[in-house]
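Below you'll find the structure, written out as structure tokens, and then a few comments.
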Amino acid sequence: MGIQKERTLLEDLVKKAGGCAVIDGGFATQLEKHGATINDPLWSALCLIKDPDLIKRVHLEYLEAGADILVTSSYQATLPGFLSRGLSAEEGELLLKKSVTLAVEARNKFWDAVERNPGHRYNRALVAASIGSYGAYLADGSEYSGCYGPDVNLEKLKDFHRRRLQVLVKASPDLLAFETIPNKLEAQACVELLEEENINIPSWICFSSVDGENAPSGESFQQCLEAINKSDRVKAVGINCAPPHFIESLICKLKELTEKLIAVYPNSGEVWDGRAKRWLPSTCFDDDKFELFATRWHNLGASLIGGCCRTTPSTIQAISKVLKNPEQS
């Protein structure tokens with residue numbers, strides 16, 4: 001019964017949004033624009049410790065831009081990561097819960113203000129608790145290679161994700177977002193965990209891709225979706241933090257492989273030099289291109305569209321404008 005109710009919540013949002021809900025954009029990008037220094041293994045989760053008010057501010061900026069779904073600042077927030085910074089397990093768990101609380105508080109504050117204006121065009125946003133891949137915790141780029149080494153098996157991945165998942169679920173987000181999953185093994189671990197923990201909060205599982213054809217591990221998406229397609233707990237599948245010029249063909253591929261909702265939130269197309277710790281000049285999508293291609297992506301079958309690294313509230317505003325008010329575009 002719980003799963004049915006939550007599924008309706010997500011499906012209702014997509015319907016209210018005109019068939020395609022808007023996910024927010026690059027979180028760390030926006031934190032840095034406001035002066036945050038996050039060159040750290042904890043990445044944007046560092047602000048959970050140092051500047052939680054800034055996290056809420058960024059959530060509000062994305063809501064103002066038209067986001068229907070807020071993704072929490074917990075992507076790189078893990079209990080082992082917090083323990084390595086000298087925090088206790090209890091402190092780490094409180095920070096995980098805080099990532100959801102900050103997003104919920106921002107959503108409620110924004111919605112309370114918006115409801116006073118009967119002519120508004122916003123939807124009441126859902127909060128998706130971000131669960132980054134094992135590679136994101138390693139902070140060595142392996143979420144873009146899928147190479148975890150011979151010592152990482154299914155049980156180790158489930159053990160890694162289990163407690164974080166339990167803590168985030170207790171914080172009562174509307175959705176769970178497994179992000180930048182690089183291989184079939186971790187996708188299977190996520191699906192089995194949802195079953196073992198009897199999670200009734202609807203989830204999406206998004207993969208990265210470095211070649212526009214396969215998962216980073218080189219495995220086909222047909223292989224990666226085998227476990228996902230058998231799960232009633234996973235409501236959507238898709239691609240995040242891949243270059244935007246890959247998205248059209250990947251939507252077509254996913255459309256052939258699954259009946260689940262399809263989510264896409266690519267990065268801007270810029271390339272991160274992990275060794276030099278900087279963004280390299282490269283061909284990328286500006287807001288105008290996102291506005292143009294968001295319509296194509298929706299027409300091809302995407303029901304959830306947003307942005308990842310190096311996208312901003314102005315990107316999300318462009319996407320929201322074309323999807324919700326096409327006559328004004």
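Any idea which residue in segment 75-90 is farthest from Asp112 (Cα to Cα), counting only those that are of a type in the set (Ser, Thr, Tyr) and outside any helix (DSSP H, G or I)? Talk me through it step by step, then tell me what you get.
Of the residues in segment 75-90, the ones of a type in the set (Ser, Thr, Tyr) are 75, 78, 84, 88.
Imposing the further condition that a residue be outside any helix (DSSP H, G or I) reduces the set to 75, 78, 88.
Working: Tyr75: 27, Thr78: 32, Ser88: 36 Å.
In this case the residue turns out to be Ser88.
Name the residues in segment 131-145 that are in a helix (DSSP H, G or I) and under 14 Å from the mean Cα position of the chain (by Cα), would you?
Step one: list which residues in segment 131-145 are in a helix (DSSP H, G or I), which gives 134-138, 142-144.
Those that are in a helix (DSSP H, G or I) and under 14 Å from the mean Cα position of the chain (by Cα): Ala136, Glu143.
For segment 16-74, which positions are aliphatic (A, V, I, L, M) and assigned to a helix (DSSP H, G or I)?
Narrowing segment 16-74 to residues aliphatic (A, V, I, L, M): 17, 21-23, 28, 31, 36, 38, 42, 45-46, 48-49, 54-55, 58, 60, 63, 65, 67, 69-71.
Once the filter is applied, which keeps residues that are aliphatic (A, V, I, L, M) and assigned to a helix (DSSP H, G or I), segment 16-74 yields Ala28, Leu31, Ala45, Leu46, Leu48, Ile49, Leu54, Ile55, Val58, Leu60, Leu63, Ala65.
Looking at segment 169-206 only, could you name the residues that are closer than 15 Å to Leu126 by Cα and either open to solvent by less than 50 Å² (accessible area, probe 1.4 Å) or part of a strand (DSSP E or B) (or both)?
Going through segment 169-206, the residues closer than 15 Å to Leu126 by Cα turn out to be 169, 171-177, 201-204.
Matches in segment 169-206: Val169, Ala171, Pro173, Asp174, Leu175, Leu176, Ala177, Ile201, Pro202, Ser203, Trp204.
Among the numbered criteria (1) free of Cβ contacts under 8 Å to residues at least 24 places away in the same chain; (2) touching a Gly at 6+ places or on another chain (Cβ under 9 Å); (3) open to solvent by 20 Å² or more (accessible area, probe 1.4 Å); (4) not small (Gly, Ala, Ser), which one does Leu54 miss?
(3)
Could you please let me know if Thr37 is more than 20 Å from Tyr265 (Cα to Cα), of a type in the set (Ser, Thr, Tyr) and buried (at least 20 other Cβ atoms within 10 Å of the Cβ)?
Details: more than 20 Å from Tyr265 (Cα to Cα): yes; of a type in the set (Ser, Thr, Tyr): yes; buried (at least 20 other Cβ atoms within 10 Å of the Cβ): no.
So Thr37 does not fit the description; no.
Residues checked against (1) out of contact with any Asp or Glu (no Cβ under 8 Å at 6 or more places or on another chain); (2) closer than 25 Å to Ser217 by Cβ; (3) hydroxyl-bearing (Ser, Thr, Tyr):
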| site | (1), (2), (3) |
| --- | --- |
| Asn108 | yes, no, no |
| Arg116 | yes, no, no |
| Gly135 | no, yes, no |
| Gly141 | yes, yes, no |
| Ser145 | yes, yes, yes |
| Val152 | yes, yes, no |
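In segment 109-130, which residues are over 19 Å from Lys158 (Cβ atoms), touching a residue at least 12 places away in the same chain (Cβ under 8 Å) and not in a loop (DSSP other than H, G, I, E, B)? Walk me through how you get there before you give the answer.
Taking segment 109-130 as the starting set, the residues that turn out to be over 19 Å from Lys158 (Cβ atoms) are 109-128.
Narrowing further to those that are touching a residue at least 12 places away in the same chain (Cβ under 8 Å): 109-111, 121-128.
Listed by number, the residues that qualify are Lys109, Phe110, Trp111, Leu126, Val127, Ala128.
Cβ-Cβ under 7 Å, sequence separation 6+ or interchain: first residue in segment 155-167 and open to solvent by less than 90 Å² (accessible area, probe 1.4 Å), partner not in a helix (DSSP H, G or I). Which pairs?
These pairs meet every condition: His161/Ile131; Arg164/Thr78; Arg164/Ile131; Leu165/Ile131; Leu165/Glu197; Gln166/Glu197.
Which one is modelled with the lowest pLDDT, of the residues in segment 282-297 that are out of contact with any Asp or Glu (no Cβ under 7 Å at 6 or more places or on another chain) and not in a helix (DSSP H, G or I)?
My answer is Thr283.
Kindly list, by first and then second residue, each pair from a residue in segment 9-28 that is under 13 Å from Ser320 (Cα atoms) to a residue that is at pLDDT 95 or above and among the aromatic types (Phe, Trp, Tyr), limited to pairs with Cβ atoms under 8 Å and residues at least 6 apart or on different chains.
If the second residue must be at pLDDT 95 or above and among the aromatic types (Phe, Trp, Tyr), the pairs left are Ile23/Tyr265; Asp24/Tyr62; Gly25/Tyr62; Gly25/Tyr265.
Filter segment 126-154 for residues that are hydroxyl-bearing (Ser, Thr, Tyr) and open to solvent by 10 Å² or more (accessible area, probe 1.4 Å) and give the result. Lay out the reasoning, then the answer.
Step one: of segment 126-154, the residues hydroxyl-bearing (Ser, Thr, Tyr) are 130, 133-134, 137, 142, 144-145, 148.
Tyr134, Tyr137, Tyr144, Ser145, Tyr148, listed by residue number.
Here are Glu93, Glu105: which of them is modelled with pLDDT of 95 or more, within 30 Å of Glu186 (Cβ to Cβ) and in a helix (DSSP H, G or I)?
Details: Glu105 fails: within 30 Å of Glu186 (Cβ to Cβ).
After applying the criteria, what remains is Glu93.
Could you please let me know if Ile131 is touching a Cys at 6+ places or on another chain (Cβ under 9 Å) and more than 18 Å from Ser217 (Cβ to Cβ)? Give the steps one after another, and end with the answer.
Working: touching a Cys at 6+ places or on another chain (Cβ under 9 Å): yes; more than 18 Å from Ser217 (Cβ to Cβ): yes.
Spelling it out, Ile131 is indeed touching a Cys at 6+ places or on another chain (Cβ under 9 Å) and more than 18 Å from Ser217 (Cβ to Cβ).
Name the residues in segment 218-237 that are touching a helix residue (DSSP H, G or I) at 6+ places or on another chain (Cβ under 7 Å), open to solvent by less than 50 Å² (accessible area, probe 1.4 Å) and not charged (D, E, K, R), would you?
Listed by number, the residues that qualify are Phe221, Cys224, Leu225, Ala227, Ile228, Ser231, Val234, Val237.
The values are calculated or read from the model by the stated rules, or taken from the named source; none is laboratory data. Keep in mind the model is a prediction, meaning the values are calculated, not measured. FYI the Cβ positions are ideal-geometry reconstructions off the backbone, even for glycines, and counts take in every protein chain you see. The accessibility values were calculated without ligands, DNA or RNA, using every heavy atom of the protein model including side chains. Shrake-Rupley method; radii C 1.70, N 1.55, O 1.52, S 1.80 Å.
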